Amino acid sequence: MKAIVKKIKISILIFLAAIFLGILVPINANAETVYTDVKYKQEVEFADINAGMHLMENYPSITFEEDIKGEWAKAGVQFRLGFIGNSIYKSTFSIRIDGTTVISDKCSKYWYDTYMNQMVDLSPEFFKKMNHRYEIALYIDNNYYVKHYFTFYKPLKKNNTNILPKQVIGKQKVLLNWEEMIGAVKYNVYRSTKYDGMYINLGTCTKTQVEDEEVKIGKKYYYYVEARYVDGETLSTPIASVTVKRPKLLKPKIKIKKSSKTWQIYWGIISDESNGIEVYMKNGKGKYKKFRNINTSLNIKKSKIKKGTVGITSSKKSLKKRLKYKFRARTFIIIDGKVYYSKWSKTINMRT
C-alpha cells in the first residue's frame, strides 16, 4: 500500500546536477548575494514485509519554529499513525532515528478503527546535526515497515565573489584566486579562449586557489568558478580574463672593475625574474663572442638580503695587451624549454 503524502508548508527542493566537460557562459554571472531558504529534503523507502496492510496512514510532516501559528502546534517531525490488521493488534512498534529507538509503544494504542489515527512527535532535539542524512524508520515487532530519509539544511545566505586570474611571475602559468563562497561544498573551475565560447571544466576543488599550467604565451584566457552547495544549487562568479605574456626582463647595467692582476665584469643586483645572464665580448674589429668564463646558469643576486652572483672575475692574462675590448650583456629566462632574453645592456669599453 502506498503511503499518502501530505502537503507540507515549506518547499522540498531536490536538484540533480549534470556534469559536462564543457558548458556555455553561465547565466547568473553577477557578483551579488543570493538568498535561499532550503531547509530539508525528503526521500522515502517503503518495505511492506508483513503479510497484509497494517498501516492506514504513515506520512511525516515537518514544522519549524517560525511556522507555528496555533497554540497546539509543535516544532519537529510528526508521524500520523493508524494501524490495522488483527495479527499485529498486540504487537509493538518503534520509531528509530539512525538505528536508535526514540519511541516504542503498543500498536493497539494507535489502532485505526478505534482512534482513526494519532500523531507521534519527534522533537527537534533529535535533529541537531545540519547537513546530515537522518534515517527515520518505523518497525513493527523489530521488522522495519517503512523508512524515511531526511537531510536538514541550514538556511543559506549565498555570497558571490570575483575570480582573480593572474600570471605567475616568470612562469607560463596562471594562478586563480577567489574568496570563499559561504556554504559551498566544492568548486568547479572553467576556462575558455573566448568570452562567449565553450568553457572547459578544468577540475573540481575545495580550496579557493588553483593553478592553470595548460596555457600558452600570447594567449588570452577567460575563467569563472561555479560553486556547488549542499542543497544542490549552484552559483557562478563573473567571468574574468588574463593574457599570458612573455616575461618582461630589465636591461642589465654592467661595469668593469680592475685591480693590479684581475678585472671584473660587474652587474650587481638584478631584481627581475631572470635566472641567468650572458656577457659577450669583442676585441678590435672582431665579432661579439660569448665570454668563455661566464656560466649562463648563474644564480643571480636578486636583492640585498639574498645570496647570489653579482659579477665574474678574470685574470688580466686572459686578455691581449694594447687592445680595446668591448662588452655587453643580456639576461634570460627559460620557460618550458624556450629561452627569453632582455634587451642588450649598454656597451662598455676597456683598454689593456
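The values are calculated or read from the model by the stated rules, or taken from the named source; none is laboratory data. Bear in mind the structure is a predicted one, so any value in this text is a computation, not a measurement. Please note: Cβ atoms are built from the backbone with ideal geometry, for glycine as well, and neighbour counts cover all protein chains shown.
Things worth noting here:
- Those strands (runs of 3 or more DSSP E) of the range 163-220 in which at least 3 residues are touching a Pro at 6+ places or on another chain (Cβ under 9 Å) and on the phi < 0 side of the Ramachandran plot, considering only elements entirely within it, cover 174-177.
- Among the residues of the range 256-284, those that are in a loop (DSSP other than H, G, I, E, B), of a type in the set (A, V, I, L, M, F, W, C) and either surrounded by 14 or more Cβ atoms within 10 Å (Cβ to Cβ) or more than 42 Å from the chain's Cα centre (by Cα) (or both) comprise Trp267, Ile270.
- Whichever residue in the range 155-172 is at pLDDT 90 or above and surrounded by fewer than 17 Cβ atoms within 10 Å (Cβ to Cβ) and, among such residues, is nearest to Ser271 (Cα to Cα): Lys166
- Selected residue [at pLDDT below 85, among the charged types (D, E, K, R) and either surrounded by fewer than 12 Cβ atoms within 10 Å (Cβ to Cβ) or part of a loop (DSSP other than H, G, I, E, B) (or both)] from Lys306, Lys287, Lys253: Lys306
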